[in-house]
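Participant: Before anything else, here's the structure in question.
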Amino acid sequence: MSRQDPLIFVVSGEASGDNLAGRLMSALEAQTDGRVRFAGVGGP
């Protein structure tokens, strides 16, 4: 992972959003061979 990899911000306000965001993040990591970064706000 490097600073040149895409940085995607995710904001979730409830548990269902956390679940969807987690699935999205996993899929994007698989599609990019882990060459993606994430930042954001979510639940515990």
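The numbers here are math on the coordinates, done by the rules we state, and not lab data. Bear in mind the structure is a predicted one, so any value in this text is a computation, not a measurement. For neighbour counting, all protein chains shown are included, and Cβ atoms are generated from backbone atoms with ideal geometry for every residue, glycine included.
Participant: So how tilted is helix 15-31 from the main axis of the chain? Cα-based, degrees 0 to 90, rounded to 10.
Facilitator: Once rounded, the angle reads 10 degrees.
Participant: Still on this structure: With runs of 4+ DSSP H residues as the only contributors, calculate the mean residue ellipticity of the chain at 222 nm using -39,500 (n - 2.57) per run, divided by the residue total and rounded to the nearest 500.
Facilitator: It comes out at -13000 deg cm²/dmol, rounded to the nearest 500.
Participant: Now for a separate question. Which whole-number percentage describes the relative contact order of the chain, with Cα contacts under 8 Å and a sequence gap of 6 or more?
Facilitator: Across the chain, relative contact order equals 60 percent.
Participant: I've got another one for you. Testing the spin-label approximation: label points 7 Å from Cα along Cα→Cβ at Asp18 and Gln31. State their distance in nm.
Facilitator: In this crude label model, Asp18 to Gln31 measures out at 2.5 nm.
Participant: Let me ask something additional. Non-local amide H neighbours of Arg37 (under 5 Å, H modeled in plane, Pro and chain starts lacking H): which ones?
Facilitator: Leu7, Ile8
Participant: Pick out which of Gly34, Gly22, Gly13 has the largest mean-square fluctuation in a Gaussian network model of the chain, springs linking Cα atoms closer than 10 Å.
Facilitator: The residue that fluctuates most here is Gly13.
Participant: Moving on. For the chain, go through all pairs of different Cα atoms, get the mean of 1/r, take its inverse, and jot down that Kirkwood value in Å.
Facilitator: Result for the chain stands at 10.8 Å.
Participant: Can you find, among Val10, Ala21, Gly34, the residue farthest towards the positive end of the dipole of the chain? Put +1 on the C-beta of Lys and Arg, -1 on that of Asp and Glu.
Facilitator: About the Cα centre, the residue reaching furthest to the positive side is Gly34.
Participant: In whole Hz and in residue order, list the ³J(HN,Hα) couplings for segment 2-9 that follow from phi through the Karplus curve 6.51 cos²θ - 1.76 cosθ + 1.60, θ = phi - 60°; x for Gly and Pro.
Facilitator: Once θ is set to phi - 60°, the couplings for segment 2-9 become 9, 5, 7, 5, x, 10, 10, 9 Hz.
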